[in-house]
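What follows is a single structure, written as structure tokens, with notes after it.
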Amino acid sequence: MSIKSTILGLSLATVSAVSVFADTWTIAVTDVEGMERLQLEWGPFKEALETATGEEFEFFAVNSRTAAAEALRGETVDFVVSGPAEYVVINKLTNAKPLIGLGRPDYHCAIITRADSGINTMQDLAGKKVAFGDIGSTSNMLCPMQVLADHGIDPVNDIEKIHTSRNIAHEALKNGEVDAIGSNANSWLNVRNKETDLPYGFFKIIGRSGDLPNDMIMVGAHVPTEAAEKVQTSILENKAAIIAGITAHEENDKYVGMDLVAIEDSAYDYVRSMYTNAGYPQFDNFIGD
């Protein structure tokens, strides 16, 4: 090969490598439907992300978790902001990997009963009616079911389970229509704290989980490793600005006080255990879809 050919080959390789980073990356958020909401609620984050990385990003609107998985598999979206339960399925379907953990403060679940119910331990819930939140929710379904399983109660066969909204479940517990509820602990506390005609001790928490695995920014399997690592490093080096962008809109108040951390897939094995104990051991489809 001539020196000229060698130089030309090196030049083309350089152009090719540069082009990987010159593309506009696409990013989706699984629980936000519609481009208008994406731009309103996550626009400041996108701006901070572009400043931190020196890359261009554009939103890719999805109307479901399944649509996000299909977009990753079809390589029409590069990065996705999602929760732990969604990640486990998306990883199984597309081999996408976690890149940045969105460390939500006090992100755990609880099992709550009435103080006068006579239910004092998890074992007392055998044969009882327990209300959970949205089907497939990490903190409102899978996590409380795992807490039951951790205490020897099969959440599929040992209890009578129902699914309803958090507010309806709270009212049902207050009125004695269910024996317990499983819920995101902080979300339930927000509901309870609005009660003005009940004593503080009217309810009691009989079980809690540890802190749950983080929400995350995941990256598609098709994105070059070097490019993904560049985005990861840039976010971690500019985390204050990124956090400010995420929490700029009140819809993201659950992230106030958050940290951003590098994460690995193994951190989500506990969520895989949740799927198994909830009766979905394959975790290859979205529960409730």
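Among what's in the range 96-107 and is part of a loop (DSSP other than H, G, I, E, B) and buried (at least 20 other Cβ atoms within 10 Å of the Cβ), pick the residue that is modelled with the highest pLDDT.
Among residues in the range 96-107 that are part of a loop (DSSP other than H, G, I, E, B) and buried (at least 20 other Cβ atoms within 10 Å of the Cβ), the one modelled with the highest pLDDT is 96.
I need a count of the residues in the range 162-218 that are among the acidic types (Asp, Glu) and within 21 Å of the chain's Cα centre (by Cα).
2
Of the conditions (1) farther than 23 Å from residue 104 by Cβ; (2) open to solvent by less than 50 Å² (accessible area, probe 1.4 Å); (3) not acidic (Asp, Glu), residue 185 fails just one. Which one is it?
That leaves (1) as the condition not met.
Can you name every residue in the range 186-205 that is closer than 21 Å to residue 134 by Cα and either modelled with pLDDT of 95 or more or among the charged types (D, E, K, R) (or both)?
Passing the criteria: 192, 205.
Can you name every residue in the range 69-92 that is under 13 Å from the mean Cα position of the chain (by Cα) and either farther than 27 Å from residue 139 by Cβ or open to solvent by less than 20 Å² (accessible area, probe 1.4 Å) (or both)?
80, 81, 82, 83, 84, 85, 87, 88, 89, 90, listed by residue number.
Among what's in the range 138-157 and is in contact with a strand residue (DSSP E or B) (Cβ under 9 Å, 6 or more places away or on another chain) and of a type in the set (S, T, N, Q), pick the residue that is nearest to residue 65 (Cα to Cα).
Selected residue: 138.
Go through the range 53-63 residue by residue and tally those that are over 12 Å from residue 27 (Cα atoms), touching a helix residue (DSSP H, G or I) at 6+ places or on another chain (Cβ under 9 Å) and either without any contact (Cβ under 8 Å) to a residue 12 or more places away in the chain or open to solvent by 20 Å² or more (accessible area, probe 1.4 Å) (or both).
Result for the range 53-63: 1.
Answer yes if at least one residue in the range 128-144 is more than 23 Å from the chain's Cα centre (by Cα), open to solvent by less than 60 Å² (accessible area, probe 1.4 Å) and of a type in the set (A, V, I, L, M, F, W, C), and no otherwise.
Yes, that holds for at least one residue.
Checking residue 110 against (1) in a loop (DSSP other than H, G, I, E, B); (2) modelled with pLDDT of 95 or more, only one condition comes out false. Which one?
(1)
If you go through the range 258-282, how many residues are open to solvent by 40 Å² or more (accessible area, probe 1.4 Å), within 25 Å of residue 156 (Cα to Cα) and of a type outside the set (S, T, N, Q)?
So the count comes out to 6.
Testing residue 93 on (1) closer than 27 Å to residue 254 by Cα; (2) part of a helix (DSSP H, G or I); (3) in contact with a helix residue (DSSP H, G or I) (Cβ under 6 Å, 6 or more places away or on another chain), one condition comes back false. Which one is that?
Looking at each condition in turn, residue 93 falls short on (1).
Residues that are touching a strand residue (DSSP E or B) at 6+ places or on another chain (Cβ under 7 Å) and of a type in the set (Asp, Glu): find the strands (runs of 3 or more DSSP E) completely inside the range 181-289 holding 1 or more of those.
Ranges flagged: 215-219, 259-262.
Can you confirm whether the range 239-257 contains a residue that is surrounded by 13 or more Cβ atoms within 10 Å (Cβ to Cβ), within 22 Å of residue 109 (Cβ to Cβ) and of a type in the set (A, V, I, L, M)?
No, there is no match, as no residue in the range 239-257 is surrounded by 13 or more Cβ atoms within 10 Å (Cβ to Cβ), within 22 Å of residue 109 (Cβ to Cβ) and of a type in the set (A, V, I, L, M).
Give me the pairs: first residue in the range 146-165 and at positive phi and part of a loop (DSSP other than H, G, I, E, B), second residue modelled with pLDDT of 95 or more and open to solvent by 60 Å² or more (accessible area, probe 1.4 Å), beta-carbon distance under 7 Å, and six or more apart or on different chains, which are they?
Correct list of pairs: 152/123.
The values are calculated or read from the model by the stated rules, or taken from the named source; none is laboratory data. Keep in mind the model is a prediction, meaning the values are calculated, not measured. Methodologically, a virtual Cβ is constructed for each residue, glycine included, from the backbone with ideal geometry; neighbour enumeration extends over all protein chains shown. Quick note on the areas: whole protein, heavy atoms, side chains included, nothing else; ligands and nucleic acids left out. Shrake-Rupley method; radii C 1.70, N 1.55, O 1.52, S 1.80 Å.
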